[in-house]
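In what follows, a single structure is set out as structure tokens and then discussed.
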Amino acid sequence: MNLLLEIMMFLEVNISGTDFVNGLKGLGAGIGAGIAVLTGLGSGIGQGLSAGLAAQGVARQPEAVGAIRSTMIVGQAVAETAGIYGLIVAILLMFVF
């Protein structure tokens with residue numbers, strides 16, 4: 001009960017008015033945007049693993065540097081799109097809703 005009162009005081013809303021609905025919309029948009037930004041975490045982990053494995057591949061077969069590098073760059077570009085989509089969703093949630 002105390003947590004609910006603190007949340008309502010934080011939102012500075014009145015339960016019976018439309019301010020409460022707008023406050024909940026803002027709260028939901030903020031939480032959704034935070035979750036959407038977390039897609040960058042997975043993207044970064046994937047790119048780090050890709051670069052590390054490419055370095056291992058080059059260490060094992062130095063003559064295949066070109067093929068390994070081009071495959072790694074294409075894979076990282078694909079992984080980065082997930083982070084960009086998450087950023088776009090977060091921006092839309094924060095400024096549209």
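Every read-out reported here was derived from the displayed coordinates using simple, explicitly stated rules and does not represent laboratory data. Computed from a predicted structure; not experimentally measured. Positions of Cβ are backbone-derived with ideal geometry, glycine not excepted, and every protein chain shown enters the neighbour counts.
Quick notes on this one:
- Taking every alpha-carbon pair under 8 Å whose residues sit at least 6 apart, the stretch 32-97 reaches a relative contact order of 59 percent.
- Inter-label distance for I88 and I73, nm, one decimal - labels placed 7 Å from Cα along Cα-to-Cβ: 2.3 nm
- Against the chain, whose longest principal axis comes from its Cα atoms, helix 39-60 is set at around 10 degrees.
- With the charge dipole of the chain set up from +1 on Lys and Arg Cβ and -1 on Asp and Glu Cβ about the Cα centre, the Cα lying farthest toward the positive end among the listed residues N2, S50, T39 is that of S50.
- Only Lys, Arg, Asp and Glu carry charge here, each on its Cβ (+1 for the first two, -1 for the last two); on that basis the chain has a dipole of about 360 debye about its Cα centre.
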